[in-house]
Amino acid sequence: MFSGTVRYGSMSNGSKAFNNTPVNGNGPSGALSSSGKPGTNGTSSSVSSITLVDIDEDDVRVLEATLSKVGSLADQITSSLHKLGLSASAAERAIKPIAGKAQMLNIYEQNLMSSLEVVDGIKDYAKLTEECGVLINAGALEELKSSRLNTFFKVIDKAETLRRKGITSVKENFRHELAQFFNPINASDYMDSQQLFPILPKKTVTKLKQMYAFFEIHHCDGIDEIYYEISSRYILASLAPIASKIPKGGSTASQDLTNGAGQNGTGAITMYMDALGRFFVAEVTNAQQLFDHDDNMTAKYFDEISNLSISELFTITNQLISDYLTKRPLAKEAPIAFELLEAITKLLGIFSQFSQRPVPARLTQALHTSQTAVQNVFADMIKYIETRVETAQTNVIMENGVSDATVDVMKRLSRLSQYRSTALVGISSMAPGSWLSTPKPKWASLIPSTNSGNHLVQERAAGNSVELLAVYFGDCIDALMLSLEIKAKILQKKTMQVGFFVLSNLEVVEHYVTSSDIYKILGNTGAERLEKLRKREVDMFLDGWKSVASLLMDSTSISGKGTLSGKDRELIKEKFRTFNTEFENLIKTHKAYNITNQSLRAQLAKEVRFISPLYHRFYDKHSGGDFSKHVDKYIKFNKQEFDRMLESLE
């Protein structure tokens, strides 16, 4: 328990006491080393004798207990010190932010004091500025300028220079904001995908509003013009891809009515106008955002921004009219005329909606020019039909087929019907029949009661654009069908063949009518005209059948003896002989037509059946032998056989 031996010295009272001499084995003479051997003083080899006394066992236990308590107490002190350390760390963490805030508050206090000192200094300057303002307003500025205060001039010049630089900087920023948004787009992409055209985002609107307020305070000029220029050029640049598709001088096939709507460039005119209209709507929206729906400012911006676009539109319109509507046959260039009128009419509607000024003269002129071109198309189309029939292939007519002229003309009329609303605008100011040439063409005299040359038709259509257009399309179909009829007769075709030939072509006409918007344009008036035309041609087709049927008209008389006279008997014999021959020829001719149109085949077969009851009556009257003893020699078909031959035509 101890690292050395314990020495006791003698005490006068006979008790034992501890000796305080260190016990390290190198102490004074008489000490014991840790090995229990006597120590030396280094000079003497003698060892002093000491008396070792046994320690009492009870004292040792007491000492051990005491030392144990001391150790426990030391452990408690260590634990308490550890807890104290933890508390100190927590306190440090809590105090540190407070100390930082205290330091910041101290800084704020110092800054506040400095600011108050500056404010105190400014008060004097503010008072002086107010006094100087009164003097300047009273004319003191001129006095100062005329004085010898050179320093004042420098201050004024410097301030003015800084002001100009500031305004210039804001203007540049204004341009930059506009240029960022008004970055040209490909308008055709937006048109194809039906997207809305871009408008200023709210963030940009806020910035521009702040700049406008700044410019107003500083009475800056030319700000609106900056906006006009950038936005106007943005519109034109965005329209450029569509403008490049608009047909130019030298293009021919793309304008032909037979090419179909929108092919090879003709639809680009309508797309250009539609896109321009959408840009106008977008610019109106932008102006409404910038000026809080101020109608006057919105109208002003719209009018100025649209100027450049309308000028460009006028150039395009004039070029198209010059290239296509004055130098070429209008019937072939009709789509351009109609598309121009349609597009300009729509654009005028947008312009009138947003503008507060009269329609620009150039736009009005473009409208008038395109409307005149459309009216000229109406007259030119009639002439084209007449000429087209004259140049039609004669071999087709001789073979009773469908004429190439019929297909060509009906394709053109079908295409023309797509511009129904525009055609109504164009024809509204025309007089009925003004599209016919003078003197009137031959075909117009064949069915005079229905065409535009009839005064009753003119009275009914006058002032009614819908009726006018129906009459016009009816005239076009009449011109085609009746001109074909005239040409077929010139080629020395029989009346029956002419009728069949025209009916074959009329079937094609009716197909185009019902498969396009022509039927909407014709209405009841046009339907009645088609029916009259059909009836005319059916009558021509039945001309041979009616001639044969006339043989069945009995004009014989019975004598007083109840018998036919010899002359009448011979007449009946001749009638049967002629009828048999002609009837068989008609059947043969009819089948030779090789009618592929089932509807026409059924209709014609039905039309010739009118002869059946006539033959039945004639047969019943004479099959008993009243005109001959050898009836079978003259009557070739009984009633059932006759009807079967008619049925074979179906």
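The values are calculated or read from the model by the stated rules, or taken from the named source; none is laboratory data. As the structure is a computational prediction, the values presented were derived from the model and not from experiment. When we count neighbours, we look across all protein chains shown, and the Cβ atoms used for this are built from the backbone with ideal geometry, even at glycine.
Run down Leu468, Leu456 and say which single residue is buried (at least 20 other Cβ atoms within 10 Å of the Cβ) and over 30 Å from Glu283 (Cα atoms).
The match here is Leu468.
If you check Leu586 against the conditions, is it touching a His at 6+ places or on another chain (Cβ under 8 Å), surrounded by 14 or more Cβ atoms within 10 Å (Cβ to Cβ) and among the aliphatic types (A, V, I, L, M)?
The answer is no for Leu586.
Given Ala287, Ala275, which one is touching a helix residue (DSSP H, G or I) at 6+ places or on another chain (Cβ under 7 Å), free of Cβ contacts under 8 Å to residues at least 24 places away in the same chain and more than 21 Å from Ala361 (Cβ to Cβ)?
That would be Ala287, the only listed residue that is touching a helix residue (DSSP H, G or I) at 6+ places or on another chain (Cβ under 7 Å), free of Cβ contacts under 8 Å to residues at least 24 places away in the same chain and more than 21 Å from Ala361 (Cβ to Cβ).
Taking the criterion of being at pLDDT below 90 and hydrophobic (A, V, I, L, M, F, W, C), would at least one residue in the range 603-614 satisfy it?
Checked against the condition, which is being at pLDDT below 90 and hydrophobic (A, V, I, L, M, F, W, C), the range 603-614 yields no hits at all.
Got a sec? Which helices (runs of 4 or more DSSP H) wholly within the range 352-451 have at least 1 residues that are more than 20 Å from Ser516 (Cβ to Cβ)?
Result: 361-390, 394-398.
For the structure I just gave you, tell me whether Thr578 is at pLDDT 90 or above, of a type in the set (Val, Ile, Thr), over 24 Å from Glu386 (Cα atoms) and loosely packed, with under 13 Cβ neighbours inside 10 Å.
Yes; evaluated as a whole, the condition is true for this residue.
On the basis of being acidic (Asp, Glu) and surrounded by 14 or more Cβ atoms within 10 Å (Cβ to Cβ), does Asp632 make the cut?
Answer is no for this residue.
Scan (1) buried (at least 23 other Cβ atoms within 10 Å of the Cβ); (2) farther than 20 Å from Gln418 by Cα; (3) of a type in the set (D, E, K, R) for the single condition Asp475 breaks and write down its number.
It is condition (2) that Asp475 fails.
Are there any pairs with C-beta distances below 8 angstrom linking a residue in the range 527-551 that is farther than 11 Å from Gly499 by Cβ to a residue that is crowded, with 19+ Cβ neighbours inside 10 Å and basic (Lys, Arg), with the two at least 6 apart or on different chains, and if so which?
Close Cβ pairs satisfying both conditions: Leu551/Lys575.
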